[in-house]
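Each remark here refers to the structure printed beneath this line.
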Ligand SMILES: C[S@@+](CC[C@H](N)C(=O)[O-])C[C@H]1O[C@@H](n2cnc3c(N)ncnc32)[C@H](O)[C@@H]1O
């Protein structure tokens, strides 16, 4: 089965942009970033090599910061909090980890670049029911954090894509990613 590229973009309103923290939760909810990384990229005993995860961190001291994790090149990882606290601190200190890069790319610039080659879907409870939506190849899914996507960011993303819904229940961002991966896995080689 050929798996097509699949990408997730998490907009983190407050995620810290340096390594000055002792807990992911207290670092502007980087624990949500960790949960979304695990949901995006990990299978039981394996990494989803066709998935790329992006987080745009908009917290202090130097927003925005784009973290990109490429499943095809990610090594030396486990799923637990301690591992990811260590890795996130490392990359936020400017050090390297296989498959992970950082840049000063903004949410808007990332969206614009992605929209040139991919189909953008903005996850929101009030969007079009995913069951009635034919997901196109090379999908990029945009999600908000615990507060949700800021209206301005949502409006910008909708220039390039459409709003889709997983139903009326407000799910955790990481749960949304798990549901999307499940749906796309079931759809098979088309995604
Ligand atoms: C924990 S939710 C945020 C909930 C927040 N109260 C709000 O109004 O957006 C985090 C993100 O998950 C996504 N999400 C949660 N439930 C969803 C659903 N039923 N359908 C589509 N996306 C959903 C949205 O992208 C949301 O910004």
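Rule-based calculations on the coordinates, nothing more; no lab input. As the structure is a prediction and not an experimental result, all values here were calculated from the model. Neighbour counts are summed over all protein chains in view; Cβ atoms, including those assigned to glycine, are modelled from backbone coordinates with ideal geometry.
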Next item on the list: Could you sort 49-56, 163-170, 114-121 so that the peptide with the highest average Cβ count within 10 Å comes first and the rest follow in order?
Entry: 49-56, 114-121, 163-170
Item checked: Compactness index (Cα Rg / 2.2 N^0.38 Å), region 6-190 -> 0.96
Notebook entry, point to check: Quick one: 183, 67, 100, fewest Cβ neighbours within 10 Å first, how do they rank?
Noted result: 183, 100, 67
Check: Of the residues 74, 123, 41, which exhibits the maximal mean-square fluctuation in a Gaussian network model of the chain defined by a 10 Å Cα contact cut-off?
Finding: 74
Notebook entry, point to check: Label 7 Å along Cα→Cβ of residue 154; region 92-134 residues with amide nitrogen under 11 Å?
Noted result: 123-127
Next item on the list: Would you mind getting me the FRET efficiency between residue 119 and residue 93? Use the beta-carbon distance for r and R0 = 45 Å, nearest 0.05.
Entry: 0.80
Notebook entry, point to check: So what are region 79-154's ellipsoid semi-axes, whole angstrom, largest first, if each one is the square root of 5 times an eigenvalue of the alpha-carbon gyration tensor?
Noted result: 28, 16, 14
Margin query: Could you tell me how far the Cα centroid of region 113-171 sits from the Cα centroid of region 65-111, in Å?
Written below: 22
Checklist line | Full-stretch length increase - residue 147, residue 101 - with 0.36 nm per residue and alpha-carbon distance subtracted | finding: 14.0 nm
Item checked: CD proxy at 222 nm, helix term only [per DSSP H run n ≥ 4: -39500 (n - 2.57); per residue of the chain; nearest 500] -> -8500 deg cm²/dmol
Margin query: Let's test the formula: R0 of 30 Å, r as the Cβ-Cβ distance of residue 136 and residue 44. What FRET efficiency results, to the nearest 0.05?
Written below: 0.60
Notebook entry, point to check: Where both residues lie in the chain, what percent of DSSP beta bridges are antiparallel, nearest 5?
Noted result: 35
